[in-house]
Amino acid sequence: MALTKGEVLALLNANPMCYMATAEGNQPRVRAMGMYKADETGIYFQAWKIKDVHKQIEKNPAVELCFNTKDGKQIRVSGKFEIIEDLALKKEVEAKRPFMTPIIKGRGGYEVVAIYRMQKGKATVWTMAENFTPKNYIEL
């Protein structure tokens, strides 16, 4: 399925829940995550610096994301995360995710918040109808 970068970003924003794979040594680690946003500047996630996922990303920033849409598309995105230390962005994320406030207040402030951005990721879209066709990659 040939989609444009803009179409992929729109699908990610419409379906922000995904599975994120990281690595810990030679062991893969996968967990469900909620993406914060995807736009022309990158794909953004928020986590906590005290979590294992953060330690894994610090050691190896290569990740793969797997999003699923309600109409049966699977979008896989691979790339590397960079850790963003931007207080204004952390406050923006908190404003849209109020569940974060008690954790920030109870754990010493915004220093506990981790923001990740993937730039230059590579996406591929899968559907059952195209199950055996060669992959088409979209640069993000």
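The values are calculated or read from the model by the stated rules, or taken from the named source; none is laboratory data. This is a predicted model, so every value here is computed, not measured. Cβ coordinates were reconstructed from backbone atoms using ideal geometry, including for glycine residues, and neighbour counts include every protein chain displayed. With ligands, DNA and RNA removed, areas are computed over all heavy atoms of the protein, side chains included. Shrake-Rupley method; radii C 1.70, N 1.55, O 1.52, S 1.80 Å.
Summed over region 1-19, the residues that are in contact (Cβ under 8 Å) with a residue 60 or more places away in the chain, under 15 Å from D71 (Cβ atoms) and in a helix (DSSP H, G or I) give a count of 3. State all residues of region 14-64 that are under 12 Å from the mean Cα position of the chain (by Cα), open to solvent by 30 Å² or more (accessible area, probe 1.4 Å) and within 16 Å of K90 (Cβ to Cβ); if no residue qualifies, say none. Residues satisfying the conditions are Y36, K37.
Test V125 against the stated conditions and say whether it is touching a residue at least 60 places away in the same chain (Cβ under 8 Å) and either among the aliphatic types (A, V, I, L, M) or not in a strand (DSSP E or B) (or both). Yes, satisfied. Checking each residue in region 20-48 for being outside any strand (DSSP E or B) and either charged (D, E, K, R) or touching a helix residue (DSSP H, G or I) at 6+ places or on another chain (Cβ under 7 Å) (or both) picks out only E40.
Checked against (1) open to solvent by less than 60 Å² (accessible area, probe 1.4 Å); (2) closer than 16 Å to G34 by Cα; (3) out of contact with any strand residue (DSSP E or B) (no Cβ under 7 Å at 6 or more places or on another chain), A95 meets all criteria but (1). In region 102-122, which residues are assigned to a loop (DSSP other than H, G, I, E, B) and either surrounded by 13 or more Cβ atoms within 10 Å (Cβ to Cβ) or in contact with a His (Cβ under 7 Å, 6 or more places away or on another chain) (or both)? If the condition is that a residue be assigned to a loop (DSSP other than H, G, I, E, B) and either surrounded by 13 or more Cβ atoms within 10 Å (Cβ to Cβ) or in contact with a His (Cβ under 7 Å, 6 or more places away or on another chain) (or both), then R107, Q119, G121 are the ones that fit. Of the residues making up region 69-83, those that are crowded, with 16+ Cβ neighbours inside 10 Å and out of contact with any Phe, Trp or Tyr (no Cβ under 6 Å at 6 or more places or on another chain) number 5.
Among the criteria (1) of a type in the set (A, V, I, L, M, F, W, C); (2) open to solvent by less than 80 Å² (accessible area, probe 1.4 Å); (3) more than 18 Å from M33 (Cα to Cα), the one A129 does not fulfil is (2).
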